[in-house]
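Reviewing the structure listed below.
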Amino acid sequence: MADIDTDVLIIGTGPAGSACAALLASYGVENMVINRYRWLANTPRAHITNQRTMEVLRDLGREVEDEAYMFATEQDLMGENIFCTSLAGEEIGRMRSWGKHPLSRAEHQLSSPSHMNDLPQTFMEPLLFKTACSRGTQARMSTEYVSHEQDATGVTTTCYDRLTCKEFMVRSKYLVGCDGGNSKVAEHAGLTFEGKMGVGGSMNILFKADLSRYVAHRPSVLYWVVQPGADVGGIGMGLVRMIRPWNEWLIVWGYDINGPEPKVDTAFATKVARDLVGDPELEVDIQSVSTWTVNNMYATKMSNGRVFCMGDATHRHPPSNGLGSNTSIQDAFNLAWKLAYVLRGTAGPKLLDSFNVERAPIAKQIVTRANQSIEEFGPIFKALGLLDSIDPVKMQQNMDARCDDTPEAEEQRRKIRETIAFKVYEFDAHGVEMNQRYRSDAVVTDGQQEPAFEKDAELHYQPTTWPGARLPHVWVFDNHGGKVSTLDLAGKGRFALLTGIGGQGWIEAAKIVGRELGLDVAAHVIGPRQHWQDFTGDWARAREVRDSGIVLVRPDQHVCWRRETATDDPVAELRRVFKSILAV
Ligand code: FDA
C-alpha cells in the first residue's frame with residue numbers, strides 16, 4: 001500500500017529533474033520530485049547555457065527566460081578564450097569562442113530568438129525548481145530514492161525520509177531517474193551502458209578574488225594556464241573559470257587518477273590560485289574545494305518499461321563543450337510532452353519508446369564529443385614542445401623557442417596558431433548544440449531524404465524543416481509592430497501547424513482531427529493580410545514547402561511532418577499522421 005500517489009515521480013532536482021518537473025507542471029501533469037539533500041546545487045558546476053536550452057526556458061515562459069538573463073553573464077563577456085602562462089604572465093594565444101567571433105555571432109543570431117549565456121548551476125537550478133513548484137510540482141527534500149518495482153500499471157518506489165529516518169512508498173504511473181552520474185534508478189532499471197567511468201581526476205577550487213586587472217580587457221569564461229612542470233605528467237595545465245565577472249572564480253586542476261585522491265587544504269588551494277593567476281601576493285578567499293572524476297560513459301538504453309532516465313544518469317562526460325546541463329534539460333523537453341500526452345490518454349504508450357530512440361544517439365554523440373575535446377588539447381601541448389621532455393627547464397625552453405627568428409620557430413608559431421584555432425570544436429561548436437535531428441516513429445518523413453549537411457555539422461547549424469529537425473527560427477510580424485519567432489508559434493505543450501495562403505484546408509482539418517483525437521493544435525497561416533506576416537521573406541526561404549504546404553511541429557518544437565502543397569483530403573492526411581505519431 002503506497003503512502004503517496006502521483007502520476008510522475010522524479011528522482012533528483014538537478015537541471016534534468018527540475019526541468020522535467022517544470023515542464024510537466026506547465027503541461028498540467030501531477031508530479032512529485034525528491035532530492036536527497038535539503039537544497040539544490042551548492043557549487044556552480046555547469047554554466048555554459050546554449051541557445052537550445054534557452055529556447056526550452058523561453059517555452060516555459062518569457063519570464064523564465066528573462067530571469068535567466070538577469071542572473072547570467074552575457075554572451076559578450078564570454079568569448080576571449082585565453083591560453084597563457086598565468087593571468088599576469090605571457091599570453092600564448094586566444095580563440096574567440098561561444099559566438100564571440102562576428103561570423104559566429106551572426107550564425108547565432110540567425111538561428112534562434114534566444115542567446116547563449118553563462119548561467120552557473122547555482123542560478124539555473126533554483127530558477128527551474130521554482131518554476132516547477134510554483135506550477136504544481138510537489139517537492140520533498142532530504143528524501144532519498146532507495147529502490148523501485150514496476151508492474152503493469154505503475155511503479156512503486158521506496159523512499160527514505162532523512163529527517164524522520166523512516167521509509168515511505170510512492171506509487172506513480174511513471175518514474176523518471178534524474179539522479180546524476182551515479183544513478184541508482186538507472187542501475188535498478190537495468191539500463192545498459194557503454195564506456196568507462198573515472199578516466200581522469202580533477203579538483204575544483206572555488207574562490208573569490210578581484211582579478212579585473214588581468215581579465216577585464218579580454219573578457220572570457222575560460223582562461224587556460226600552461227605551467228610546465230606544475231602537475232600531472234609535467235604538463236601542468238590549469239583552468240581558471242569565471243563564475244561572476246570578475247571576482248568569483250573556479251580553478252579546475254587535474255590530478256593523476258591512478259594515484260591517491262589528493263588532500264587539498266586551504267594553503268594548497270591558495271598556492272594553486274596564486275600560481276595560476278601569477279600573483280604571489282593575491283588576496284584569495286577560498287570558498288570550497290572538491291574533487292571529481294572525468295567519465296566517458298553513455299546509456300545505450302535510456303528507459304525500461306515505465307522507468308525513464310535522463311541527464312547525467314545516462315550521459316557521463318567531462319565539462320568540455322559545456323554540454324552537461326544543456327543536454328539534461330533538452331532530454332526533459334523531449335520526454336515531458338510525451339508523458340503528458342500518454343497520461344492524458346491522447347497518445348498510446350508506444351509514443352514513449354521514441355524517447356530512447358531519439359535521445360540515446362545524442363547521449364553517445366555528446367559523450368564522445370566532450371571526451372574528444374579533451375584529447376584535442378594534445379596538439380597544442382605538442383606544438384608548444386611540452387611533450388618532448390618531462391624536464392620543466394627543457395619544456396620552458398621549448399616554449400620559449402617559438403619567439404626565435406628561425407624557420408623552425410616560424411613553423412612552431414604556425415602550429416600553435418592552428419592547434420589553438422582547432423579548439424573551435426570545443427568552444428564554438430554551434431552545430432553540436434543546435435543540429436539535433438530525430439529519427440523515430442514519432443516523426444513521419446513519408447520517405448523524404450534527410451538533407452545532407454553543407455558545412456561541418458559540428459560547427460554550423462543547418463536549418464531544415466525535414467521531419468525530425470528542430471523547427472527553424474525566423475521572425476514573423478503582425479500589423480501592430482509586434483514580432484515573434486516561429487518557435488514561439490509552436491511549443492507550450494501543443495502541436496502546431498504552419499501554413500500559408502492556400503493552406504486554409506489544413507486549418508479546418510486540424511480542427512476536425514483535433515476534436516476526433518482530443519488534440520488542441522495551434523494553427524497559423526503566415527502570409528499577406530494574415531495575422532502573422534513574412535515581410536522579410538525569411539519564412540518562405542526556411543520552410544522548404546510551398547505556400548499551401550504544411551509544416552507540422554511537435555510540442556518540443558521538432559518538425560514531425562511536412563507536405564509540399566495542399567491536398568484534396570487534408571483531414572485524412574492529418575489523421576494518418578497524428579495517429580502514427582501518437583501511436584493511437
Ligand atoms: P545532477 O547531478 O545535477 O543532479 C542529480 C540530482 O539527483 C541531485 O539533485 C541529487 O541530489 C539527486 N540525487 C542523486 N541520488 C539521489 C538519490 N538516491 N535520492 C534522491 N536524490 C538523489 N558540467 C558542465 O557542463 N560544466 C562544468 O563546469 C561542470 N562542473 C561540474 C562540477 C561538479 C563538481 C559536478 C558534480 C558536475 C559538474 N558538471 C559540469 C556536470 C553538470 O553539473 C551535470 O552535467 C548536470 O548537473 C547534470 O544534471 P542532472 O540533473 O542530470 O544531474
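Values for this structure:
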item	result
Filter result for A186 (assigned by TED's automatic domain parsing to the domain that holds N42, among the small types (G, A, S), within 12 Å of the ligand (Cβ to nearest atom) and assigned to a helix (DSSP H, G or I))	yes
Test: residue in segment 363-370 that is touching a residue at least 60 places away in the same chain (Cβ under 8 Å), more than 12 Å from the ligand (Cβ to nearest atom), closer than 29 Å to P126 by Cα and outside any helix (DSSP H, G or I)	no
Any chance E107 is modelled with pLDDT of 95 or more, open to solvent by 20 Å² or more (accessible area, probe 1.4 Å), under 25 Å from L206 (Cβ atoms) and not aliphatic (A, V, I, L, M)	no
Answer from A510, A522, A496 - the residue that is small (G, A, S), crowded, with 16+ Cβ neighbours inside 10 Å and part of a helix (DSSP H, G or I)	A510
Residue count for segment 464-491, restricted to those that are out of contact with any Asp or Glu (no Cβ under 9 Å at 6 or more places or on another chain), open to solvent by 10 Å² or more (accessible area, probe 1.4 Å) and modelled with pLDDT of 95 or more	4
Test: residue in segment 394-409 that is touching a residue at least 60 places away in the same chain (Cβ under 8 Å) and touching a Phe, Trp or Tyr at 6+ places or on another chain (Cβ under 6 Å)	no
Residue list for segment 38-52, restricted to those being of a type in the set (V, I, T), out of contact with any Gly (no Cβ under 6 Å at 6 or more places or on another chain) and either over 17 Å from A68 (Cα atoms) or within 7 Å of the ligand (Cβ to nearest atom) (or both)	T43
Considering residues of segment 138-159 that are of a type in the set (A, V, I, L, M) and not in a loop (DSSP other than H, G, I, E, B) only, the residue nearest to the ligand (Cβ to nearest atom)	V146
Residue check for P451: crowded, with 20+ Cβ neighbours inside 10 Å, in contact (Cβ under 8 Å) with a residue 12 or more places away in the chain and either polar (S, T, N, Q) or over 30 Å from G385 (Cα atoms) (or both)	no
Residue within segment 479-499 that is in contact with a Lys or Arg (Cβ under 9 Å, 6 or more places away or on another chain), closer than 30 Å to F377 by Cβ, outside the structural domain of N326 (by TED's automatic domain parsing) and not aromatic (F, W, Y) present	no
Some residue of segment 210-217 being more than 10 Å from the ligand (Cβ to nearest atom) and within 30 Å of D488 (Cβ to Cβ)	no
Some residue of segment 559-571 being of a type in the set (A, V, I, L, M) and crowded, with 22+ Cβ neighbours inside 10 Å	yes
Residue in segment 249-295 that is surrounded by the most Cβ atoms within 10 Å (Cβ to Cβ), counting only those that are more than 16 Å from S86 (Cα to Cα) and of a type in the set (S, T, N, Q)	N295
Top-ranked residue of segment 299-336 - restricted to ones that are in contact with an Asp or Glu (Cβ under 7 Å, 6 or more places away or on another chain) and of a type in the set (A, V, I, L, M), ranked as surrounded by the most Cβ atoms within 10 Å (Cβ to Cβ)	M310
Residue ID - most open to solvent (accessible area, probe 1.4 Å), chosen from residues in segment 160-183 that are more than 10 Å from the ligand (Cβ to nearest atom) and hydroxyl-bearing (S, T, Y)	T164
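The values are calculated or read from the model by the stated rules, or taken from the named source; none is laboratory data. No experiment lies behind these values; they were computed from the predicted model shown. Every residue, glycine among them, receives a Cβ derived from its backbone with ideal geometry; neighbour counts consider all protein chains shown. The protein model used for the area step is the full one, side chains on, heavy atoms only, and it has no ligands, DNA or RNA in it. Shrake-Rupley method; radii C 1.70, N 1.55, O 1.52, S 1.80 Å.
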